[in-house]
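Comments concern the structure below.
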Amino acid sequence: MSASTAVLKAELRLFSREPFSLFWIVAFPAVLLTILGLIPSFREPDPGLGGSRVIDLYVPVNVLLAMIMAGIQALPPVLSGYRERGILRRMSTTPVRPAALLTAQIVLHFAAALFSSLLVIAIGRLAFDVALPGHLPGYLLALLLGALGALALGAAVTAVTPTVKATTVVGSIVFFPMMFFAGVWVPVQAMPEVLRGIVEYSPFGAASQALHQAAEGGWPDWTHLGVTAAWAAVLIAAAVRWFRWE
Amino acid sequence: MRADTVQGDPRIMPIIEVNGLRKAYGGRPVVDGVAFAVEEGEIFGILGPNGAGKTTTVECVEGLREPDAGIIRVAGLDPRIDRDQLTRILGVQLQESELQEKLTVREALELYSAFYPAPADWRGLAERLGLTGKLTTRFGRLSGGQKQRLFIALALIGRPKVVVLDELTTGLDPRARRDTWKLIEDVRDSGVTVLLVTHFMEEAQRLCDRIAVFKQGRIAALDTPAGLIDHSAGGTVISFTPSRPVDDGDLAGLPEAAAFEHRDGRLTIRGTDTTVNAVITLLARHQITAHRLRVTDSTLDDAFLELTQDREN
């Protein structure tokens with residue numbers, strides 16, 4: 001077994017021992033979708049939404065919510081804790097680079113978010129008759145870019161905060177506006193036009209629009225994909241630039 | 001007992017070489033011109049008060065810190081440049097570090113085994129360090145001493161050529177401390193070089209072939225434990241209650257005597273073996289009887305305190 005595989009295996013075990021993280025990443029978006037779907041009016045076509053139902057809009061929103069939960073809520077305290085408690089430092093004295101530990105955690109959080117997304121899509125389809133994404137490649141690309149943005153934002157939060165406490169505080173401050181941008185309270189497509197125009201340039205507002213368009217069956221606008229990708233790139237650069245190993 | 005290796009054979013390249021090491025934090029020098037060489041198979045101790053630069057020095061050796069100046073070689077490798085190669089031959093126990101809270105002892109041992117090309121048998125290590133009963137316990141639930149023992153196991157798990165132990169037995173009870181000393185001696189006997197940072201004189205005296213005493217970022221003395229004691233002024237202490245007063249002039253003339261002191265009719269003289277013989281001759285000449293005569297060796301403790309005391313204060 002190679003060293004990186006051993007690290008990934010150990011971190012997977014540790015990840016499975018964090019019931020709260022698992023709940024918020026994997027269960028919460030599915031539970032939220034179910035609750036919204038149980039509201040009868042959300043299952044009625046709405047002419048104001050171009051004939052879509054509210055529940056149709058909430059499937060991509062909850063997919064993004066899974067990404068935000070994983071990247072911004074769950075990931076930063078883990079990375080910050082590994083740094084603060086000298087775990088990265090201890091590992092840096094072995095032949096394995098401590099980056100392997102961070103990579104393993106990022107990969108695992110991504111995998112959990114992806115699994116959560118599939119769960120949300122499956123529940124939407126099976127329980128509430130929400131059509132599967134019409135344009136699968138477009139949907140996958142938007143989802144990957146959104147996930148990248150969420151994980152990068154979490155990593156950037158970890159990079160600019162010196163302690164676990166600070167990481168948790170900043171993470172929570174960032175978390176709520178990101179949920180708003182993703183459309184958790186009001187789907188981006190249902191927002192007033194001016195607000196939507198602004199939200200579309202936020203990391204998850206753009207991702208939400210791109211996911212929605214792909215769900216409807218078209219290739220997402222390059223603007224939305226471009227904004228999402230640009231945010232991801234900037235946040236990754238920030239995380240790499242400011243991350244301190246100790 | 002190992003005087004041959006201690007003296008250093010010029011044909012043997014030292015396995016650790018530190019020369020002109022300097023490191024400052026915020027303009028304040030913490031390590032200020034440290035130089036020493038450790039022979040292969042030696043247990044080399046680093047002793048000194050808090051803030052003397054011990055940990056910074058070993059962290060430079062481990063490649064965790066970049067020196068401001070100086071040259072360090074471990075088995076010919078530069079800890080900063082040849083970091084990858086160094087990590088394969090160097091085992092490290094850090095003064096302060098932790099593992100993942102929910103990782104069990106067994107998982108930690110298996111994980112770290114996977115990092116090295118030819119790891120030691122972790123079961124054997126766990127047994128020697130008394131961790132066998134704790135294999136399924138999570139790191140966060142271990143006592144301080146158990147965590148310490150696990151870190152010692154992790155330092156040895158890669159079959160290192162050199163192992164750096166920073167505060168080896170801090171937090172261990174006396175029994176575990178003695179077991180750990182035996183383990184370190186066995187490790188050394190298998191040819192591993194040990195760099196040991198310690199606070200405990202007993203530990204340094206028992207384990208170390210040579211000791212560097214650090215003081216304010218410099219090495220105040222470097223010798224075998226016996227050498228440090230011998231060379232400290234007043235290595236041997238003679239005390240007795242004389243049957244009648246001894247003349248101060250005679251005492252001042254004693255060979256190799258560092259100090260003498262009268263207190264409550266009792267006379268204490270610090271010196272060497274030569275001084276002891278001279279005192280006995282002096283007493284015989286003046287027909288003075290020495291009541292309750294005691295001759296004791298000063299300890300490494302005394303030598304350490306003398307070497308590291310702050311003369312300015």
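Coordinate-derived values only; no laboratory data. All values reported here derive from a predicted model rather than from experimental measurement. Virtual Cβ from ideal backbone geometry, glycine too; neighbours counted across all protein chains shown.
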Residues of type lysines that residue B:134 reaches as a straight line, Cα spacing below 16 Å, ignoring anything fewer than 8 places off in the same chain:
B:102, B:147
Taking other Cβ within 10 Å of each residue's Cβ, how do A:136, B:267 sort, fewest first?
A:136, B:267
For the protein assembly as shown, what is the calculated [θ] at 222 nm in deg cm²/dmol (nearest 500), taking -39500 (n - 2.57) for each run of four or more DSSP H residues and dividing by its residue count?
-15500 deg cm²/dmol
With only Lys, Arg, Asp and Glu charged, each at its Cβ (+1 for the first two, -1 for the last two), find how big the charge dipole of chain B is about the Cα centre; round to the nearest 20 debye.
820 debye
Taking a virtual spin label 7 Å from the Cα of residue B:297 along the C-beta vector, which residues in region B:258-285 bring their backbone nitrogen under 12 Å of it?
B:273
Calculate the dipole size of region B:233-297 relative to its Cα centre from +1 charges on Lys and Arg beta carbons and -1 charges on Asp and Glu beta carbons; express the result in debye to the nearest 20.
260 debye
So which chymotrypsin sites (Phe, Trp or Tyr not before Pro) in region A:166-246 end up in coil per DSSP with only 15 or fewer other C-beta atoms within 10 Å?
A:185, A:201, A:245
Kirkwood radius from Cα pairs of region B:233-297 plugged into Stokes-Einstein at 25 °C, 0.890 mPa s, gives D in µm²/s equal to 215 µm²/s
If I take every Cα pair under 8 Å that is 6 or more residues apart in chain B, average their sequence separation and divide by the length, what percent do I get for the relative contact order?
19 percent
Tilt, helix A:28-37 to longest principal axis of chain A (alpha-carbon atoms), in degrees rounded to tens, equals 10 degrees
To the nearest Å, what is the center-to-center distance of region A:37-92 and region A:177-197, using C-alpha atoms only?
14 Å
Using only Cα atoms, tell me the angle between helix A:99-128 and the longest principal axis of chain A; keep it within 0 to 90° and round to the nearest 10.
20 degrees
Between A:112, A:65, A:186, whose Cα lies farthest towards the positive end of the dipole of chain A when Lys and Arg beta carbons carry +1 and Asp and Glu beta carbons carry -1, centred on the Cα centre?
A:112
In what sequence do A:79, A:38, B:47 fall when counting other Cβ within 10 Å, fewest first?
A:38, A:79, B:47
Among A:28, A:2, A:226, the residue whose Cα sits farthest towards the positive end of the charge dipole of chain A (+1 at Cβ of Lys and Arg, -1 at Cβ of Asp and Glu, taken about the Cα centre) is A:2
Please give the Cα centre distance for region B:132-155 versus region A:199-239, rounded to the nearest Å.
47 Å
Just need the relative contact order of region B:233-297 here, percent rounded to a whole number, with Cα pairs under 8 Å and 6+ apart.
50 percent
Length-normalised contact order of chain A in % [C-alpha pairs under 8 Å, at least 6 apart]:
26 percent
Using the Cα centre of region B:233-297 as origin and beta-carbon charges of +1 (Lys, Arg) and -1 (Asp, Glu), tell me which of B:279, B:269, B:240 is placed farthest towards the positive end of the dipole.
B:240
Specify the angular offset, from 0 to 90 degrees and rounded to the nearest 10, of the alpha carbon long axis of helix A:164-182 from the longest principal axis of the alpha carbons in chain A.
20 degrees
Rounded to 5, percent antiparallel among DSSP beta bridges of chain B
65 percent
Just to verify a number: FRET efficiency for residue B:175 and residue A:129, C-beta to C-beta distance, R0 = 45 Å, to 0.05?
0.05
Per-residue Cβ neighbour rank within 10 angstrom, fewest leading, B:40, B:261
B:261, B:40
Specify the inter-centroid distance of region B:169-223 and region A:128-169, based on alpha-carbon positions, in whole Å.
50 Å
Regarding region A:3-242, what are the three Cα extents along the principal axes, ordered largest first, in Å?
62, 33, 31
Taking 37 °C and 0.692 mPa s as the conditions, I'd like the Stokes-Einstein D for region B:69-139 in µm²/s, using the Kirkwood hydrodynamic radius from alpha carbon pairs.
231 µm²/s
